[in-house]
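S.K.: If you scroll down you'll find the structure; I have some questions about it.
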Amino acid sequence: MNMQVKHLCFSEIIVLSPLKHNDNRGCFYENFHSYNFKMETGISFNIFQENISFSKKDVLRGLHFQKDKFAQTKLISVIRGKILDVIVDVRPNSKSFGKWISYILDDIQNESIFVPAGFAHGFLALDNNTQISYKVDKPYKKDSECSIIWNDDYLNIDWSCKKPILSKKDRKSLTFKENYRLNNF
């Protein structure tokens, strides 16, 4: 076994902690092993694409998700830096619908977080030069993309940042309730 698996308060959200091999040269670890992941969780995660983002401190990306047949499962890892990772349940039939959780990921623990389809995802870079890898199981489809505004009153997420740096697209995101009404999750 090259990783430890723990479930967060949304049991579908899984944190993977790698087994690290340190010596005088540095460190080595497996970031993801599909067979071991399936054996530990019972979940098959077939990676379609890997995306990389670089962010300055206080950059907030999200809260993004895709709907319908393009809904993506993601595996998020921090290559360099530190993030506040935020996940929102957008599954209308779930007991945790409209609830959110957060988790700190960094380049010291090297944990990864598994976010299945049906959850919106975003993060706030807590360090300069933060580099994120996120692996997804479906292609990006612009017509299927949805985004919830970061400071949504209904969700009331504690980002611990009053003035994050946002993209033009993220500044125009809909509220949680607007997304539900228009996109019917």
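Read-outs throughout are calculated quantities, based only on the coordinates presented, and are distinct from any laboratory measurement. Predicted, not measured: the structure shown is a model, and the values here were computed from it. Glycine gets a Cβ as well: all are built from the backbone with ideal geometry, and neighbour counts include every protein chain shown.
S.K.: Name the GluC sites (Glu not before Pro) in the stretch 96-184 that are in a loop by DSSP and that have at most 16 other C-beta atoms within 10 Å, would you?
M.R.: Numbers: sites: E111, E145, E178; in loops: E111.
Answer by residue number: there is no such site.
S.K.: Sticking with this structure for a sec: Classify the stretch 1-61 as rounded, prolate or oblate from the Cα gyration tensor: take a ≥ b ≥ c as the square roots of its eigenvalues, call it rounded if a/c is under 1.5, otherwise prolate when a/b beats b/c and oblate if not. Can you show the working numbers first?
M.R.: Details: a/c = 1.62, a/b = 1.06, b/c = 1.52.
It comes out oblate by the Cα gyration axes.
S.K.: Same structure again: Enumerate the calculated ³J(HN,Hα) couplings along the stretch 8-24 in order (Karplus 6.51 cos²θ - 1.76 cosθ + 1.60, θ = phi - 60°), each rounded to whole Hz, writing x wherever the residue is Gly or Pro.
M.R.: 8, 5, 8, 4, 6, 8, 10, 9, 9, 10, x, 7, 9, 10, 9, 8, 5
S.K.: Run down the lysines and flag those whose C-alpha is under 26 Å from the C-alpha of K56, throwing out any fewer than 8 positions away in its chain.
M.R.: K74, K82, K135, K142, K162, K163, K168, K169, K172
S.K.: With charges only on Cβ, +1 for K and R and -1 for D and E, what is the dipole size of the stretch 107-152 about its Cα centre, in debye, rounded to 20? Could you put the intermediate results ahead of the total?
M.R.: On the way: 4 positive and 7 negative charges, 48 e Å.
Dipole magnitude for the stretch 107-152 comes out near 220 debye.
S.K.: Which shape class, rounded, prolate or oblate, goes with the stretch 80-185 when its Cα gyration tensor gives a ≥ b ≥ c as root eigenvalues, a/c under 1.5 marks rounded, and past that a/b bigger than b/c marks prolate?
M.R.: Values: a/c = 1.57, a/b = 1.39, b/c = 1.13.
Because a/c hits 1.5 or more and a/b exceeds b/c, the stretch 80-185 counts as prolate.
S.K.: Around V59, which amide H atoms from residues at least 5 apart in sequence, or from another chain, sit under 5 Å from its own amide H, with H modelled in the peptide plane?
M.R.: A125, I165
S.K.: Could you work out which residue, out of N36, N156, N24, moves most in a Gaussian network model of the chain, that is, has the largest mean-square fluctuation with Cα springs under 10 Å?
M.R.: Its mean-square fluctuation being the largest, the pick is N24.
S.K.: Another question, then. Let's see if you can work this out: charge +1 on each Lys and Arg Cβ, -1 on each Asp and Glu Cβ, no other charges. What is the dipole magnitude of the chain about its Cα centre, in debye to the nearest 20? The partial results should precede the final answer.
M.R.: Details: 27 positive and 21 negative charges, 110 e Å.
It comes to approximately 520 debye.
S.K.: Further question: Once Lys and Arg get +1 and Asp and Glu get -1 on their Cβ, which of I132, P92, C146 lies farthest toward the positive end of the dipole of the chain?
M.R.: Looking along the dipole axis, the top candidate is C146.
S.K.: Under the rule of -39500 (n - 2.57) per DSSP H run of 4 or more residues, summed and divided by the residues of the chain, what mean residue ellipticity at 222 nm is obtained, to the nearest 500 deg cm²/dmol?
M.R.: Values: 3 runs with 20 residues, N = 185.
Here the helix-only value at 222 nm equals -2500 deg cm²/dmol.
S.K.: Follow-up. State log₁₀ I(q)/I(0) for the chain at q = 0.18 Å⁻¹ as given by the Debye formula over alpha-carbon point scatterers of equal weight, solvent excluded.
M.R.: -1.28
S.K.: Which residue, H21, H33, H121, has the most motion in a Gaussian network model of the chain that connects Cα atoms within less than 10 Å?
M.R.: Answer for the Gaussian network model of the chain: H21.
S.K.: Do any GluC sites (Glu not before Pro) in the stretch 1-60 lie in a loop, going by DSSP, with at most 14 other beta-carbon atoms within 10 Å of their beta carbon, and if so which? Display every interim value, and only then the final one.
M.R.: Values: sites: E12, E30, E40, E50; in loops: E12, E30.
Qualifying residues, ordered by number: E30.
S.K.: DSSP loop (so not H, G, I, E, B), at most 16 other Cβ within 10 Å: list which chymotrypsin sites (Phe, Trp or Tyr not before Pro) in the stretch 81-119 pass both filters. Numbers along the way, then the final one.
M.R.: Working: sites: F97, W100, Y103, F114, F119; in loops: F97.
Filter output for the stretch 81-119: F97.
S.K.: Just going by the charge dipole of the chain, with Lys and Arg at +1 and Asp and Glu at -1 on Cβ, which of I83, H64, F28 is farthest out on the positive end?
M.R.: H64
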